[in-house]
1. Which residue, of ALA39, ALA70, ALA34, is loosely packed, with under 13 Cβ neighbours inside 10 Å and on the phi < 0 side of the Ramachandran plot?
2. Considering only region 163-197, state which residues are of a type outside the set (A, V, I, L, M), in a helix (DSSP H, G or I) and either crowded, with 19+ Cβ neighbours inside 10 Å or touching a residue at least 24 places away in the same chain (Cβ under 8 Å) (or both).
3. Condition first: farther than 30 Å from ASN119 by Cα and either among the polar types (S, T, N, Q) or in contact (Cβ under 8 Å) with a residue 24 or more places away in the chain (or both). Can you find one or more residues in region 44-53 that meet it?
4. For ARG132, state whether it is surrounded by fewer than 17 Cβ atoms within 10 Å (Cβ to Cβ), touching a residue at least 12 places away in the same chain (Cβ under 8 Å) and among the basic types (Lys, Arg).
5. So ASP97 passes all but one of these: (1) farther than 21 Å from LEU55 by Cβ; (2) of a type outside the set (A, V, I, L, M); (3) touching a Ser or Thr at 6+ places or on another chain (Cβ under 7 Å). Which condition number does it fail?
6. Select, from PHE22, PHE85, the only residue that is within 25 Å of ALA201 (Cα to Cα), of a type outside the set (Asp, Glu), buried (at least 18 other Cβ atoms within 10 Å of the Cβ) and touching a residue at least 24 places away in the same chain (Cβ under 8 Å).
7. Can you give me the number of residues within region 135-158 that are part of a helix (DSSP H, G or I), in contact with an Asp or Glu (Cβ under 8 Å, 6 or more places away or on another chain) and surrounded by fewer than 19 Cβ atoms within 10 Å (Cβ to Cβ)?
Amino acid sequence: MNPVPGSQILDHLRWRYATKRFDPTRRIPDADWAALEEALILTPSSYGLQPWKFLVITRQDTKESLVAPAYNQRQVADCSHLLVFAVRREMTEADADRLIDFTAETRGIDRQHLSGYRNVMVGDIVTGARSREATHWAQLQSYIALGNFMTCAALMGIDTCPMEGFMAPAFDEALDLAEKGLTTSVLCPAGYRDESDKYAALPKVRYPKADLIEHLP
């Protein structure tokens, strides 16, 4: 593996911005989108539980139908791909067992060797104190995936716009999420900026490094 120079990464991160206006005529090539989907799959999560489903919407009529519950923000319809991060409403022992079984199969080990790992997961997320906040916990996990997705997209020259401004119940209903035990966490339209988007050229507003980073002894 050849490391990517830090300067190159920073150039791409300085280039990216929360795109306010997408060019509706430009589509993300299939190969590039496939790479972004793999990047989503590779996102780390607490305990490796992956409490999410990534919904990819490209049909124009479907995207148009979601503009209203996104408070009429046109990014939802004008983007190339609308990515909806949906998360589990609750975590069960079956979820822990699925991960244990899959881990044992993937790594070629006896399931019994993972019993301690399973017990910790169940005691924390399924039956423990955090089980009462399972949806919130899963939503926090989805933001790890969101950050990973946006960074990878920037490195590929693809624009994104993270969006919390939407009516989750309306999205859940439109996408039939409740019956799947899921709820909408966050949105991220992806595509290419329109040349008329004035926000693309605005300087980033970021506090100085001295205000944000502290090296401890």
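1. None of the other options fit; the residue is ALA34.
2. Once the filter is applied, which keeps residues that are of a type outside the set (A, V, I, L, M), in a helix (DSSP H, G or I) and either crowded, with 19+ Cβ neighbours inside 10 Å or touching a residue at least 24 places away in the same chain (Cβ under 8 Å) (or both), region 163-197 yields PHE171, ASP172, LYS180.
3. We begin by selecting, within region 44-53, every residue farther than 30 Å from ASN119 by Cα; these are none.
No: region 44-53 contains no residue that is farther than 30 Å from ASN119 by Cα and either among the polar types (S, T, N, Q) or in contact (Cβ under 8 Å) with a residue 24 or more places away in the chain (or both).
4. It is false that ARG132 is surrounded by fewer than 17 Cβ atoms within 10 Å (Cβ to Cβ), touching a residue at least 12 places away in the same chain (Cβ under 8 Å) and among the basic types (Lys, Arg).
5. Among (1) farther than 21 Å from LEU55 by Cβ; (2) of a type outside the set (A, V, I, L, M); (3) touching a Ser or Thr at 6+ places or on another chain (Cβ under 7 Å), ASP97 violates only (3).
6. Answer to the selection: PHE22.
7. 1
Residue-wise test of (1) within 14 Å of the chain's Cα centre (by Cα); (2) among the aliphatic types (A, V, I, L, M).
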site: SER115; (1), (2): no, no
site: MET121; (1), (2): no, yes
site: ILE125; (1), (2): no, yes
site: SER131; (1), (2): no, no
site: ALA145; (1), (2): yes, yes
site: THR151; (1), (2): yes, no
site: ILE158; (1), (2): no, yes
site: GLY165; (1), (2): no, no
site: PRO169; (1), (2): no, no
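We did not get these values from a lab; they are worked out from the coordinates using the rules stated. Given the structure is predicted, the values throughout are model-derived calculations rather than measurements. Counting neighbours? That spans all protein chains shown, and the Cβs are built from the backbone with ideal geometry, glycine included.
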